[in-house]
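Below is one structure, written out as structure tokens; comments come after it.
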Amino acid sequence: MSIVILAIESSCDETSAAVCRDGVIVSNVIATQSVHEKYGGVVPELASRAHMQHIVPVVDQALSSANCQLSSVSAIAFTQAPGLIGSLLVGTQFAKSLSLALDIPLIAVHHMQAHVIANLIDHNKPEFPFLCLTVSGGHTQIVMCESPTQMSILGETIDDAAGEAFDKTAKMLGLPYPGGPLIDKYAQLGNAERFKFPEPQIPDLNFSFSGVKTSILYFLKNAGTSLLFKEQFLASEEEQKKFIAENLNDICASVQQRIVSILLNKLKKASIQTGIKHICLAGGVSANSGLRKAFVEMGEKYHWKTFIPAFEYCTDNAAMIAMTGYYKYLENDFAALNVQPSARAEW
Ligand code: KG4
Ligand code: ZN
């Protein structure tokens with residue numbers, strides 16, 4: 001009999017459901033929430049309400065496009081942590097109810113581990129152990145993955161996440177949320193050598209983006225004058241706006257190049273330290289075209305075998321939850337019905 005996993009992802013502002021049949025993703029439906037756009041960021045209470053509106057139609061659509069009846073589902077997987085607690089609660093309660101009503105096991109999945117496992121969805125899979133640079137809106141991690149259910153964090157950010165660095169820069173440039181994809185778009189038209197932002201000196205395999213963020217702020221407040229990184233703001237608001245409008249592409253390209261170099265220099269260090277050469281990207285920021293290109297180039301230079309999930313499996317999606325759920329199902333790693341969601345990232 002087939003192993004069919006129905007998965008639900010509701011950690012932030014995407015309601016998603018997916019079906020995995022015998023380790024193959026057969027559907028992945030994602031409803032995004034446009035309600036947050038005008039607020040310049042995700043509003044947790046609005047996110048929870050939108051999840052409640054979306055969850056039934058999204059699950060229905062995932063089942064029907066997989067040609068799957070509820071009666072043939074073997075287990076329900078759901079995102080248990082980390083995320084916005086109200087959003088997680090909607091998915092958790094829905095999964096629990098289905099598990100109870102259908103009398104099938106419940107599988108609790110860690111969102112960050114699932115981002116890593118997105119690399120096992122394609123038929124071209126990395127070999128264990130592999131390294132994964134997971135870069136999302138809330139997290140930046142280098143993970144060593146020894147099996148689908150065994151992984152450890154080798155390094156992570158001590159302040160902002162890479163996605164936050166993109167989004168906060170975009171905000172300073174007056175771009176709407178989430179700004180990461182827009183910086184990517186303008187960067188493709190710009191000269192990345194034009195402006196220099198500092199590379200932080202953080203020990204080990206950890207990351208920091210707050211220094212870069214501050215230097216960008218000072219740079220913009222001085223409208224790119226020679227007082228680049230000093231805390232003396234010489235430019236008027238008008239001058240700042242004019243400077244941004246005239247140099248947007250070059251600013252985006254230069255910022256993006258620095259964020260990418262911070263990420264990849266640590267990944268190179270992790271590969272040298274561990275001797276591991278099967279290396280993956282994961283998370284929303286792995287959709288960034290500059291990061292993808294530089295990652296592949298670094299892989300060629302250092303003889304890595306590189307892997308990046310398909311675009312729809314980089315940003316938040318239930319397919320990665322379903323795939324992780326499948327491997328947990330094989331190990332009978334089930335959750336009790338009193339399992340609680342958690343906003344925290346520990347695993
Ligand atoms: O993994 P994800 O979808 O959600 C979280 O779990 O956080 O990541 C969202 C993040 C946002 O910060 C967004 O700006 C960023 O990924 N992002 C990008 C790009 N596409 C999404 N950042 C840079 N370039 C992109 N093309
Ligand atoms: Zn995510």
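The values are calculated or read from the model by the stated rules, or taken from the named source; none is laboratory data. This structure is a prediction, so every number in the text was calculated from the model and none was measured. For neighbour counting, all protein chains shown are included, and Cβ atoms are generated from backbone atoms with ideal geometry for every residue, glycine included. Surface accessibility is based on the protein's heavy atoms, side chains included, excluding ligands, DNA and RNA. Shrake-Rupley method; radii C 1.70, N 1.55, O 1.52, S 1.80 Å.
Relative to the longest principal Cα axis of the chain, at what angle does helix 289-301 sit, 0 to 90 degrees, rounded to 10?
90 degrees
With respect to the cross-link table entries 38/293; 196/266; 38/96, which display a Cα-Cα separation exceeding 30 Å?
38/293; 38/96
Return the aspartates and glutamates within reach of residue 242: Cα separation strictly under 15 angstrom, same-chain partners fewer than 8 residues apart disregarded; answer none if there are no such residues.
Within reach: 250.
Once you've got the GNM for the chain with C-alpha springs shorter than 10 Å, pick whichever of 270, 101, 17 has the biggest mean-square fluctuation.
The residue with the greatest mean-square fluctuation here is 101.
Which whole-number percent is the relative contact order of the chain (Cα, under 8 Å, 6+ apart)?
Normalised by residue count, the contact order of the chain is 25 percent.
Hey, quick one: spin label on residue 35, modelled 7 Å out along Cα-Cβ, who in region 52-76 has an amide N within reach, i.e. under 19 Å?
Residues passing the 19 Å test: 52-60.
Per-residue counts of other Cβ atoms within 10 Å, averaged by peptide: what ranking do you get for 256-266, 120-130, 277-287, highest first?
Top of the packing list down: 277-287, 256-266, 120-130.
As I understand it, the value is the acute angle between the Cα axis of helix 162-172 and the longest principal axis of the Cα atoms of the chain; what does it come to in degrees, rounded to 10?
Compared with the principal axis, the helix lies near 50 degrees.
With a point put 7 Å past each Cα toward its Cβ, work out how far residue 233 is from residue 171 in nm, to one decimal.
Once both label points are built, they end up 1.5 nm from each other.
Once neighbouring chains are kept in place and the probe is 1.4 Å, which whole percent of the accessible area of region 270-331 is contributed by carbon and sulfur?
56 percent
How do the peptides 326-332, 136-142 rank, highest first, by the average count of neighbouring beta carbon atoms within 10 Å per residue?
Working: 326-332: 17.0, 136-142: 23.9.
Per-residue mean Cβ counts within 10 Å order the peptides as 136-142, 326-332.
Rank 196, 221 by accessible area, highest first, at a 1.4 Å probe radius?
196, 221
Just by accessible area at a 1.4 angstrom probe, what is the order of 132, 12 from largest to smallest?
Per-residue accessible area, sorted high to low, gives 12, 132.
Taking the Cα centre of the chain as origin, sum charge times position over the Cβ atoms of Lys and Arg (+1) and Asp and Glu (-1), and report the length of that vector in debye to the nearest 20.
I would put it at about 560 debye.
Out of the total accessible area of region 150-234 (probe 1.4 Å, heavy atoms of protein only), what percent is carbon and sulfur?
Result for region 150-234: 54 percent of the exposed heavy-atom area is carbon or sulfur.
For a quick check: with amide H placed at 1.01 Å from N, whose amide H comes under 5 Å from residue 155's, ignoring anything fewer than 5 positions away on the same chain?
For residue 155, the qualifying residues are 142.
Near residue 206, within a Cβ-to-Cβ distance under 13 Å, what is the net charge of the other residues, with Lys and Arg +1 and Asp and Glu -1? Can you show the working numbers first?
On the way: positive: 266, 269; negative: 156, 159, 160, 204.
Surrounding charge for residue 206 is -2.
Just report the Cα centroid separation between region 95-174 and region 291-330, whole Å.
Region 95-174 and region 291-330 have Cα centres separated by 10 Å.
Counting only protein heavy atoms and a 1.4 Å probe, tell me what percentage of region 1-140's accessible area is made up of carbon and sulfur.
Working: 2980 of 5520 Å².
Accessible surface attributable to carbon and sulfur in region 1-140 totals 54 percent.
Give a residue-ordered list of calculated ³J(HN,Hα) values for region 139-155 (Karplus: 6.51 cos²θ - 1.76 cosθ + 1.60, θ = phi - 60°; whole Hz; x for Gly, Pro).
With the stated coefficients, region 139-155 comes to 9, 9, 9, 10, 10, 9, 10, 9, 7, x, 10, 10, 8, 9, 8, 8, x Hz.
Given a 1.4 Å probe, how much area per residue of region 60-177 is accessible, in Å²?
37 Å²
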